[in-house]
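Novice: This is the structure, below, for whatever I ask next.
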Amino acid sequence: MPTNFTAEPVRVRVPATSANLGPGFDALGLALGLYDDVAAEVASGGVRVTVTGQGAGELPDDDRHLVVRAMRAAFDVLGAHPDGLSVECVNRIPQARGLGSSSAAIVAGVLLARALVVDGEHRLDDAGALRLAAEIEGHPDNVAPCLLGGFTVAWSEPGGARAVSLPVADAVRPTVFVPSERGLTATARAALPATVPHGDAALTAGRAALLVHALTTDPTLLLPATVDRLHQDYRAAGMPGTSSLVNALREAGVAAVVSGAGPTVLALSAPPAGFPVGTDWEIWQLPIDVSGARVARGRLGHAERDPVAAGRKS
């Protein structure tokens, strides 16, 4: 069956995410109110990518760009092969900091490709979009909240990734501490051992279960609920500043964890007044995004092209 593409551009807004949340390694994630805006349209030939904001001048401007690679993967699933693409990215999510920039690019690419195909949603439903995005990323903990919004629990089955989104208690007020240094997920994963002690696994499983209750119902339990023995301690040597800040915040009674693979630190409440953070960190208070990725028709407008992160407080 021939593929018909939409004549008009499409755009998508994708949120930043924080994964793991301490004990929920590769399973739990939270969507945050910091966004990349990406638009795309079918072109006559070739691929052209423009990037404004985070990653400008560093990210590739051709088929190597992750948004385009995700679009190609989705087009393959859809049986669609456009002659060319024009893609515009306005990035506000910091690159390689543990806030889901790669997952945002993947989700944006999958949803843009689907929206550019006239019957794309019939050929690739939301569950299929999640499976494909998780397959590209390698794990579902960031792509799930990016797609669905809110607090998500994700898991993998033989048929692919699945996830549910749960409402977050009003008292949960995320604060992120973003360093200038970057981190690589592959490097952070390489620091993890092949096995962990049974006692550590049992403790962490219990705290992950408690974290679901704490985030959705009783935030007073967030500090004990964010205890982790699966990954953070093993990665500490590679991120000493991150580890030190997490420990200092927790000693002050703040439920702090490494955001994703780091080096950003996520606190699920504001630090106490006068807390000595130092000058190496940008501090942003971010709302929880409850909508997830949002697709619309047309090019990016003036507001979407502004590379400054709206609503961000430091």
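Here, each number is a calculation from the coordinates, and none is a lab measurement. Since the structure is predicted, the reported quantities are computational estimates derived from the model, not experimental observations. Here the Cβ is made from the backbone with ideal geometry for all residues, glycine too, and neighbour counts use every protein chain on show.
Novice: Per-residue counts of other Cβ atoms within 10 Å, averaged by peptide: what ranking do you get for 38-47, 133-142, highest first?
Specialist: Ranked from most to least packed, the peptides come out as 133-142, 38-47.
Novice: Treating the beta-carbon of each Lys and Arg as +1 and of each Asp and Glu as -1, no other charges, what is the dipole magnitude of the chain about its Cα centre, to the nearest 20 debye?
Specialist: 280
Novice: Also, I was wondering about something else. As an exercise, identify the trypsin sites (Lys or Arg not before Pro) in region 34-116 lying in DSSP coil whose Cβ has no more than 15 other Cβ atoms within 10 Å.
Specialist: Within region 34-116, the qualifying trypsin sites (Lys or Arg not before Pro) (loop, at most 15 other Cβ atoms within 10 Å) are Arg64.
Novice: Then there's this: Starting from the Kirkwood radius over alpha-carbon pairs of region 80-148, derive D by Stokes-Einstein at 4 °C in a medium of 1.567 mPa s and give it in µm² s⁻¹.
Specialist: For the chosen part, D equals 101 µm²/s.
Novice: With just the Cα atoms of region 186-314, tell me how far they stretch along each of the three principal axes, in Å, largest first.
Specialist: Principal extents (largest minus smallest coordinate, Cα): 53, 36, 35 Å.
Novice: Something else: Going toward the positive end of the dipole of the chain, with +1 on Lys and Arg Cβ and -1 on Asp and Glu Cβ, which of Val110, Val90, Val77 do you reach last?
Specialist: Result: Val90, furthest along the dipole toward the positive end.
Novice: If one computes the Cα centroid of region 39-57 and of region 250-295, what distance in Å separates the two points?
Specialist: 31
Novice: Same structure again: For the chain, what does the relative contact order come out to in percent, with C-alpha contacts under 8 Å and a separation of six or more?
Specialist: Relative contact order of the chain: 26 percent.
Novice: So between Arg297 and Ala169, what do we pick up on full extension, going 0.36 nm a residue minus the alpha carbon distance?
Specialist: 42.8 nm
Novice: Suppose R0 equals 30 Å; then what is the FRET efficiency for Ala190 and Thr6 from their Cβ-Cβ distance, rounded to the nearest 0.05?
Specialist: 0.10
Novice: Right, next: At 222 nm, what value in deg cm²/dmol follows for the chain if DSSP H runs of at least 4 each add -39500 (n - 2.57) and the sum is divided by all its residues, to the nearest 500?
Specialist: So the calculated ellipticity at 222 nm is -9000 deg cm²/dmol.
Novice: Across all directions of projection, what mean area in square nanometres is found for the Cα convex hull of region 1-73?
Specialist: 7.4
Novice: Ok, one more. Could you tell me the extents of region 40-177's C-alpha atoms along the three principal axes, largest first, rounded to whole Å?
Specialist: Dimensions of region 40-177 along the principal axes of its Cα atoms: 50, 36, 23 Å.
Novice: If you don't mind, there's one more thing I want to ask. Please list, in chain and number order, the residues 5+ apart from Asp141 or on another chain whose amide H is under 5 Å from its amide H, with Hs placed from the backbone.
Specialist: none
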